[in-house]
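A short write-up of the structure that comes next.
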Amino acid sequence: MNPLTRAWLALLLLSGGSTVIAALVSQGVAPATVGVGILLFSWMKARVILSRYLGLWQAPSWRRGFNLVLGIYCLLLLGLYLIPAVTT
Amino acid sequence: MARTPARAEPHGALDELPGELLMWVLIISELLVFGAGLAAFLGVRLTDPSGFAEAQDHLHRTGAALNTLVLVTSGFLAARALGLRQVGRRALARWHLGAAMLLGVVFLWIKGAEYADKAAQGIGIETHPFFMFYYLLTGFHAAHVIAGIVVLGLVAIWDDAHNIEVGAAFWHMVDLVWVLLFPVIYLLA
């Protein structure tokens, strides 16, 4: 299987996984845990698109930079998401 | 941009980037715009988390999840089109671009059904701040999907490998924005 097809399958799995994780809130899983899972999966999807669809696997230094900035951004989103849970 | 055409050895960091530099400038700009919008959304949510959660319950997560599958599959087809064109399989590359465009139309159709459902429930942009961000961010993204379909159509007509690479990059940018937008708007309750 070529890397592009693997990337596509990974994106399908990660997308389905995000939706399944989101549904766990109704099963009693803590929203904070669910939030971490959802944003982690989003970061992983973004990494796959940048690397394989947009071709950054050919430019490792740019790929590392994009991954780092997107990772920090997802942490910012997670922080904003968790503030109400922490403060109440 | 699964592969790039052969070109001179890179001399600087910018030369390492695959494809067109201006497209990367656009990709970063769009990520900044949508990134700011999503951060603002979660920032405003701090003022009324329960109201945001209640408003989010009106959204169709299944439809949006289906749209994610549609868009990542469309991106896959656009990426394959470039690889096919680079090995000279021109007609098959065009079919892939056509299929990618068709999936873009499917995305818009599902999105349109979602908007129609909200309208039928009397939900508009002024119903709650949640919906203001919802319509603004998803509507702006849908406008990019429309533009992306047009771009893919153009590069299917003028189908040299460089054009397809640039057009597909725009389409992947639309894809990239959606995988960040979808979880924040639809899933983070």
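A compact table of results
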{"item": "Criterion (open to solvent by 30 Å² or more (accessible area, probe 1.4 Å), of a type in the set (F, W, Y) and closer than 23 Å to B:F41 by Cβ) met by exactly one of A:Y81, A:Y73", "result": "A:Y73"}
{"item": "Residue count, segment B:103-142 (criterion: open to solvent by 50 Å² or more (accessible area, probe 1.4 Å) and hydrophobic (A, V, I, L, M, F, W, C))", "result": "11"}
{"item": "Segments classed as helices (runs of 4 or more DSSP H), wholly inside chain A, with at least 3 members that are more than 8 Å from every other protein chain (Cβ to nearest Cβ) and within 20 Å of B:T62 (Cβ to Cβ)", "result": "A:3-23"}
{"item": "Selected residue (only one of B:R80, B:R61 is within 24 Å of A:A10 (Cα to Cα) and at pLDDT below 95)", "result": "B:R61"}
{"item": "Residues that are crowded, with 17+ Cβ neighbours inside 10 Å and not aliphatic (A, V, I, L, M), drawn from segment B:85-100", "result": "B:R85, B:Q86, B:R94, B:H96"}
{"item": "All positions within segment A:11-43 that are without any contact (Cβ under 8 Å) to a residue 24 or more places away in the chain and within 10 Å of the chain's Cα centre (by Cα)", "result": "A:G37, A:I38"}
{"item": "Some residue of segment B:42-62 being more than 15 Å from the chain's Cα centre (by Cα), under 21 Å from B:M173 (Cα atoms) and either open to solvent by 50 Å² or more (accessible area, probe 1.4 Å) or not polar (S, T, N, Q) (or both)", "result": "no"}
{"item": "Pick from segment B:34-52, criterion without any contact (Cβ under 8 Å) to a residue 60 or more places away in the chain and assigned to a helix (DSSP H, G or I), ranking: farthest from the other protein chains (Cβ to nearest Cβ)", "result": "B:A36"}
{"item": "In segment B:152-171, residue farthest from B:G112 (Cα to Cα) [restricted to those that are open to solvent by 40 Å² or more (accessible area, probe 1.4 Å) and away from chain A (no Cβ under 14 Å)]", "result": "B:D160"}
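The values are calculated or read from the model by the stated rules, or taken from the named source; none is laboratory data. Fair warning: this is a prediction, and the values are worked out from it, not measured in the lab. Cβ: placed from backbone, ideal geometry, glycine included. Neighbour counts: every protein chain shown. All accessible areas refer to the heavy atoms of the entire protein, side chains included, with ligands and DNA or RNA removed. Shrake-Rupley method; radii C 1.70, N 1.55, O 1.52, S 1.80 Å.
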